Amino acid sequence: MKKTILAIAILGSVVVACTPKASKTQAPPPVPETPAVVTGSVEAGGIIIASAKCTKCHGNKTEHVPKHTFAEQEKLMQGMAKKAKLSEQETADLMAYVKAKAKQ
């Protein structure tokens with residue numbers, strides 16, 4: 001009798017261990033949103049560079065822009081735009097202005 005109970009217990013353990021387990025349904029990975037492309041306007045950039053956000057620190061000085069290439073000014077302008085708390089659109093406008101007026 002003991003052997004029968006032991007055999008049934010072992011057989012039951014094997015059956016339980018070998019049955020397929022229910023897998024968790026995984027949600028598909030989220031699709032990253034493509035950032036909207038913001039294009040800048042040269043005219044709007046000229047207005048921004050003459051606004052209080054820029055002239056607060058620099059006065060009405062823009063003569064340095066044509067003296068340097070856009071590549072030399074790009075990182076610097078991005079940093080100043082951040083400090084001046086320019087919006088994404090204002091930054092794009094500023095960069096368009098600098099790119100248009102910079103030394104080629």
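The values are calculated or read from the model by the stated rules, or taken from the named source; none is laboratory data. All figures in this text were calculated on a predicted structure; none of them were measured in a lab. With ideal geometry, Cβ positions are generated from the backbone for all residues, glycine too; neighbour counts draw on all protein chains shown. When the accessible area is computed, the model is the full protein with side chains, heavy atoms only, and any ligands, DNA or RNA have been set aside. Shrake-Rupley method; radii C 1.70, N 1.55, O 1.52, S 1.80 Å.
Residues being open to solvent by 80 Å² or more (accessible area, probe 1.4 Å), of a type outside the set (S, T, N, Q) and closer than 26 Å to Val98 by Cβ are represented in the range 42-52 by at least one member. Here Val16, Val31, Val98, Val38 are screened, and the one residue that is of a type in the set (A, V, I, L, M, F, W, C), modelled with pLDDT under 80 and open to solvent by less than 70 Å² (accessible area, probe 1.4 Å) is Val38.
Consider Gln104 carefully, then state whether it is loosely packed, with under 11 Cβ neighbours inside 10 Å and over 19 Å from the mean Cα position of the chain (by Cα). Yes, satisfied.
Of the set (1) part of a helix (DSSP H, G or I); (2) open to solvent by 40 Å² or more (accessible area, probe 1.4 Å); (3) of a type in the set (D, E, K, R), all apply to Glu63 but (1).
Can you confirm whether Lys75 is without any contact (Cβ under 8 Å) to a residue 60 or more places away in the chain and in a helix (DSSP H, G or I)? Criteria met by Lys75.
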